[in-house]
Amino acid sequence: MSQTRILVTGGAGFIGSHYVRTLLGALGPDDVTVTVLDAFTYAANLANLAPVAHSDRYRLVVGDICDRELVDGLMAEHDQVVHFAAESHVDRSLASAAEFVRSNVLGTQTLLDAALHQGIDRFVHISTDEVYGSIPAGSCSEEQPLHPNSPYAASKASSDLIALSYHRSHGLDVCVTRCSNNYGYHQYPEKIIPLFVTRLLAGRKVPLYGDGLNVRDWLHVDDHIRAVELVRTRGRAGEVYNIGGGTELDNRGLTELLLEACGADWESVEYVTDRKGHDRRYSVDWRKAHIELGYKPHVDFAEGLAETVAWYRDNSEVWGRATRPGQATGTAPC
Ligand code: NAD
């Protein structure tokens with residue numbers, strides 16, 4: 001059987017590792033091999049890949065997507081790319097944007113250029129609903145003009161447009177996905193769900209931004225990965241696909257659920273100064289992915305959240321230690 005050789009960037013992070021575990025797991029296709037390319041920033045964790053480490057269809061390369069020579073060599077050995085690697089936390093981009101521009105913009109362009117020159121036959125670029133900016137009501141279709149507000153969102157919007165330009169100018173087979181907020185296990189504890197859960201389970205207080213009424217649509221990482229796989233295998237070249245989860249909640253409502261799940265109450269919540277430029281609400285219209293690819297979210301939010309909380313409760317040895325190959329382990333700051 002001929003194998004499709006897939007290069008997965010950022011495969012040691014939250015969503016990328018979920019994708020790799022799914023592809024190489026019992027229910028994944030048996031006609032793919034996977035190479036993870038990851039620089040092992042603070043967000044990566046070697047333990048995220050432990051379940052596939054012994055697969056003969058898996059290989060790990062520790063390296064930077066901005067390293068043109070490395071990337072060129074890898075592209076020559078692969079058929080397809082699924083590109084998750086990025087600096088991914090808005091707050092960090094407010095503190096310092098340089099690494100966001102380097103990894104998210106230059107890194108993506110470096111990959112695209114190498115993909116073009118080495119004849120890659122499909123490049124899936126993973127983006128975010130944040131590129132559309134805040135929307136008070138309704139949902140953004142893929143045609144909505146981009147209006148990113150944070151340096152993170154601006155770096156992702158830049159990389160989306162560069163990715164699409166490689167299709168329009170050069171004919172590279174590119175698809176872009178724009179998903180809403182992912183939740184699930186194996187996520188570094190800095191974004192609201194894993195941060196709040198790990199702190200509450202440890203009996204600590206959690207910081208709620210502003211009035212707590214910012215609204216996000218929650219997407220279970222399993223549903224996201226299913227959509228990415230549909231796009232990789234059936235998406236149309238040059239197209240953008242929104243991927244939503246269908247559970248819209250403001251942060252106060254989410255906090256209430258997390259407090260309940262962790263056996264805590266509002267005494268554990270500290271209202272803190274709002275994030276600069278904090279987008280009020282994101283919402284994507286994902287009918288295109290549904291109509292063209294048959295995508296729809298399957299995971300019930302209450303069940304997905306309960307499973308996530310249980311995982312953090314039972315796996316502190318995994319998330320509590322940021323590990324990278326060949327290095328001493330350190331305790332994550334939470
Ligand atoms: P993450 O921060 O958990 O993982 C990112 C991974 O990329 C890490 O393993 C890191 O080491 C790697 N990486 C970063 N810079 C690199 C570089 N220069 N070279 C090689 N590897 C590098 O992120 P995530 O939450 O898994 O997000 C994956 C993708 O999905 C990102 O592109 C992000 O923008 C997008 N996204 C995430 C969410 C979400 O809710 N987490 C929502 C929308 C979109």
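Determine the relative contact order of the chain: mean sequence separation of Cα pairs under 8 Å and six or more apart, normalised by residue count, in whole percent.
In percent, rounded to a whole number, it is 19.
Which residues' amide hydrogens lie under 5 Å from the amide hydrogen of Arg275, considering only partners 5 or more residues apart or on another chain, with H built in the peptide plane?
Gly210
Could you list which residues have their amide H under 5 Å from that of Tyr241, counting only those 5 or more apart in sequence or on another chain, with H placed in the peptide plane?
Val176, Thr177, Arg178
Can you list the HN-Hα couplings for region 238-247, worked out from phi with the Karplus curve (6.51, -1.76, 1.60; θ = phi - 60°), rounded to whole Hz and with x for Gly and Pro?
Using θ = phi - 60°, the values come out as x, 9, 9, 10, 6, 10, x, x, x, 10 Hz.
Tell me, in nm to one decimal, what length is gained between Asp121 and Asp314 on full extension, where the rule is 0.36 nm per residue of separation less the Cα-Cα distance?
Result for the pair: 65.4 nm of gain on full extension.
For the pair Arg287 and Asp265, what calculated FRET efficiency results from E = 1/(1 + (r/R0)^6), where r is the Cβ-Cβ distance and R0 = 56 Å, to the nearest 0.05?
After rounding, the FRET efficiency stands at 0.90.
Would you list Arg122, Arg5 from fewest to most Cβ contacts within 10 Å?
Ranked by crowding around the Cβ, least crowded first: Arg5, Arg122.
Give me, ordered by chain and number, the residues 5 or more places off Arg281 or on other chains with an amide H under 5 Å from its own placed amide H.
For Arg281, the qualifying residues are Ile135, Val215.
DSSP loop (so not H, G, I, E, B), at most 15 other Cβ within 10 Å: list which GluC sites (Glu not before Pro) in region 103-179 pass both filters.
Glu143
Limiting things to C-alpha atoms, what are the Rg and the maximum Cα-Cα separation (Dmax) for the chain, in angstroms?
Calculated on Cα positions, Rg and Dmax stand at 19.0, 59 Å.
Going by how many other Cβ atoms sit within 10 Å of their own, how do Lys288, Lys156 line up, fewest first?
Lys288, Lys156
Relative contact order for region 9-117 using alpha-carbon pairs under 8 Å, separation at least 6, rounded to a whole percent?
Reported as a whole number, the value is 29 percent.
If the reach is capped at under 13 angstrom between alpha carbons, list the aspartates and glutamates near Lys288, excluding any in the same chain fewer than eight residues apart.
Here the aspartates and glutamates satisfying the reach criterion relative to Lys288 are Glu142, Glu143, Glu239.
Can you give the direction-averaged projected area of the convex hull of the alpha-carbon atoms in region 156-294, in nm²?
Mean shadow area of the hull around the Cα atoms is 9.4 nm².
Could you tell me which residue out of Val90, His54, Leu112 lies farthest along the dipole of region 45-128 toward its positive end? Charges go on the beta carbon: Lys and Arg +1, Asp and Glu -1, centred on the Cα centre.
The residue sitting most towards the positive pole is Val90.
What FRET efficiency would be calculated for the residue pair Lys296, Glu256, taking the C-beta separation as r and a Förster radius of 25 Å, to the nearest 0.05?
Step by step, r from the Cβ atoms, then E = 0.40.
Step through the residues of region 138-146 one at a time and calculate ³J(HN,Hα) from phi using the Karplus curve (6.51 cos²θ - 1.76 cosθ + 1.60, θ = phi - 60°), rounding each to whole Hz and writing x for Gly and Pro.
Once θ is set to phi - 60°, the couplings for region 138-146 become x, 9, 7, 7, 5, 7, 4, x, 7 Hz.
Give me Ile65, Ile162 sorted ascending by neighbouring Cβ count inside 10 Å, so fewest comes first.
Ile162, Ile65
Under the rule of -39500 (n - 2.57) per DSSP H run of 4 or more residues, summed and divided by the residues of the chain, what mean residue ellipticity at 222 nm is obtained, to the nearest 500 deg cm²/dmol?
-10500 deg cm²/dmol
Give me a comma-separated list of calculated 3J(HN,Hα) values for region 123-129, in order, Karplus coefficients 6.51, -1.76, 1.60 applied at θ = phi - 60°, integers in Hz, x for any Gly or Pro.
For region 123-129, the Karplus-derived couplings read 10, 9, 9, 8, 10, 8, 5 Hz, x marking Gly and Pro.
How large is the direction-averaged shadow of the alpha-carbon convex hull of region 182-230, in nm²?
Mean projected area of the Cα convex hull: 4.2 nm².
Magnitude of the Cβ-charge dipole of region 117-235, K/R +1 and D/E -1, about the Cα centre, nearest 20 debye?
It works out to roughly 360 debye.
Along the positive direction of the dipole of the chain (beta-carbon charges: Lys, Arg +1; Asp, Glu -1; about the Cα centre), which of Val228, Tyr183, Gly73 reaches farthest?
Ranked along the dipole, the leading option is Gly73.
With viscosity set to 0.692 mPa s and temperature to 37 °C, compute the Stokes-Einstein D of region 23-163, Rh being the Kirkwood radius across alpha carbon pairs; µm²/s, no decimals.
The calculation lands on 199 µm²/s.
Coordinate-derived values only; no laboratory data. Since the model is a prediction, treat every value here as computed from it, not as a measurement. For neighbour counting, all protein chains shown are included, and Cβ atoms are generated from backbone atoms with ideal geometry for every residue, glycine included.
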